[in-house]
Amino acid sequence: MSLTHVNSEKLVKPFGYSHAVVADPGQLVFIAGQVASDISGRVDAEMGYAEQAATALQNFIHALEATGAALEDLAQMTIYVVGLNAETGDEMFKGIAATSKAAGMKPSASVITGVSSLMDPAALIEISGIAVTSS
């Protein structure tokens, strides 16, 4: 088995991790946690949960597509939410719903978990996942 580390030019250059890893053969694609950062790696602390969720999911899609995988290959997503409660969860879902609808995403097996903080103190949402491709 071999692993190919893939990083999208549409995302911040990673330090200490890869945006995605493709496992051959059978092509398991592992997408590292993506936050609502811009190409420089900056997360705008003024963004709320909905906007951060939408941006983090778009970054997740960029990392997935950089591997050659497509949204229909997505098997599992994990969403980490700082301070998860009914209100923050509702706001997060608004952002996820808007981006997933625009991208034509089908629901995958998902986990949503509350955390006290993320690596970047401005980040409220982080999304990771696994895709499976046929080649």
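The values are calculated or read from the model by the stated rules, or taken from the named source; none is laboratory data. Here the structure is a predicted model, which means the values were calculated and not measured. As a convention, Cβ positions derive from the backbone with ideal geometry for all residues, glycine included, and neighbour counts pool all protein chains shown.
Things to note:
- Test: residue in the range 124-134 that is loosely packed, with under 12 Cβ neighbours inside 10 Å and either touching a Cys at 6+ places or on another chain (Cβ under 7 Å) or farther than 19 Å from Ile31 by Cβ (or both): no
- Conditions (1) out of contact with any His (no Cβ under 6 Å at 6 or more places or on another chain); (2) β-branched (Val, Ile, Thr); (3) farther than 16 Å from Met119 by Cβ: number failed by Val43: (3)
- Applying the criterion of being in contact with a Leu (Cβ under 9 Å, 6 or more places away or on another chain), assigned to a strand (DSSP E or B) and of a type in the set (Ser, Thr, Tyr) to the residues of the range 72-115, the residue that is surrounded by the most Cβ atoms within 10 Å (Cβ to Cβ) is Tyr80.
- All positions within the range 42-56 that are closer than 14 Å to Thr88 by Cα, in a helix (DSSP H, G or I) and in contact (Cβ under 8 Å) with a residue 60 or more places away in the chain: Tyr49, Gln52, Ala53
- Residue within the range 11-29 that is hydroxyl-bearing (Ser, Thr, Tyr) and at pLDDT below 95 present: yes
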